[in-house]
Amino acid sequence: MSNQGRAERISNEIGNVILQDPKLAHGTWNAFSLIILPQPSSTLNYGFIYDIKGVARPFRTEIPENLLNELKTSLLDEGKEWLACRLEMKAAGWEMSWEFEYEDAARFLPHSDMELLARELMPEFEDDQFWQCPLGHNVLAKLRILTPEICQDFDDRDLHCMISNCFLKAMKYGLSTRSDLAGFALTCFEVAPNFDHHPAVRAGFHKVSEIPGPVWNLLYASVPEYAWAQMREENFYDGKAWFDELPKALNEEVA
């Protein structure tokens, strides 16, 4: 195997290890950017997770030293090993990009202002990428099976916006687990995007507000069948609710 092929294999292994980090498990991150600085005795890594709210949170993770050492020896520049690298990944395309520094490790040293550093490290997004996240891809795949008629009426960009809008609304009610966020989003498509406005659903949120862990099944069961029937009626449906949590400019564009 060529050094380039070896480097590609190792970098993919490192990326897969990072994706197993529990801090990424909830699946509503939009991108992450990670700086890796090999040190004499250990390796420093730091960076940020960017979520669908547009919020950056500091991010550190565990990376096996043997994989980093292999990556260093497989990517030599005139016999020199890289001093620092930046790993970036966007959920929109599931593609990792790497940038290596062979001369000036200080180029990747943390800025003293964390807010400024988060902006500097934030990946550049195309217009149709910012509202995509891992859990959104999973929900969309399920929707193509459960509600294909709705999926056919919108392009993927709008569908990702709609799904992310559902997640943002669910978070406002305190939902945070993958199963709860997915359950809320799927119900928006199966019942109505404004189902959460029904008094019976609001009462359900109140009942589960103090319960730790996943609560969606309990909440759903607490709502009477007649209430779900009311929410499925045409006069209840409010199409504007598909985009009511998104920025105003985007809301006006896709609504």
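Rule-based calculations on the coordinates, nothing more; no lab input. The model shown is predicted, which means the values in this text are computed figures rather than measured ones. A quick note on method: Cβ atoms are made from the backbone with ideal geometry, for glycine too, and the neighbour counts reach across all protein chains shown.
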May I ask for the percentage of alpha-carbon pairs in the range 134-254 that lie more than 20 Å from each other? 41
Give me the distance in nm between label points sitting 7 Å out from Cα along the Cα-to-Cβ direction at THR43 and ASP238, one decimal. 5.0
Give me the extension gain from HIS137 to ASP155: residue separation times 0.36 nm, minus the current Cα-Cα distance, reported in nm with one decimal. 5.1 nm
Based on the Cβ-Cβ distance from ALA25 to TYR226, what FRET efficiency comes out when R0 is 30 Å, to the nearest 0.05? 0.20
Given the DSSP H assignment, sum -39500 (n - 2.57) over each helix run of at least 4 residues in the chain and divide by its residue total; what's the result at 222 nm in deg cm²/dmol, nearest 500? -13500 deg cm²/dmol
Does anyone have the angle between helix 65-74 and the longest principal axis of the chain? Alpha-carbon axes, 0 to 90°, nearest 10? 60
Order these by the 10 Å Cβ neighbour count, fewest first: ASP51, ASP113. ASP113, ASP51
Using a 10 Å cut-off on Cβ atoms, rank the peptides 234-243, 124-133 from the highest mean neighbour count down. 124-133, 234-243
What FRET efficiency do you get for ALA105 and ARG178 if R0 is 35 Å and r is their Cβ-Cβ distance, rounded to the nearest 0.05? 0.40
Can you put SER222, SER209, SER112 in order of Cβ neighbours within 10 angstrom, beginning with the fewest? SER112, SER209, SER222
In percent, how large is the relative contact order of the range 134-254, given Cα pairs closer than 8 Å and 6 or more residues apart? 27
Let me check I've understood the local charge: for CYS166, count other residues with C-beta under 15 angstrom from its C-beta, Lys and Arg +1, Asp and Glu -1. What total comes out? -2
Between helix 156-172 and the chain, what is the angle of the helix's C-alpha long axis to the longest principal axis, kept within 0 to 90° and rounded to the nearest 10? 80
Just want to confirm a number: the relative contact order over the range 3-121, from Cα pairs under 8 angstrom separated by 6+ residues, in percent. 26
Segment ARG119-THR73, extension gain: residue separation times 0.36 nm, minus the distance between their alpha carbons: 13.4 nm
Under unit Cβ charges (Lys, Arg +1; Asp, Glu -1), what dipole magnitude, rounded to 20 debye, does the chain have relative to its Cα centre? 840
Using label points projected 7 Å from each Cα along Cα→Cβ, tell me how many nm separate THR147 and ARG9, to one decimal. 4.5
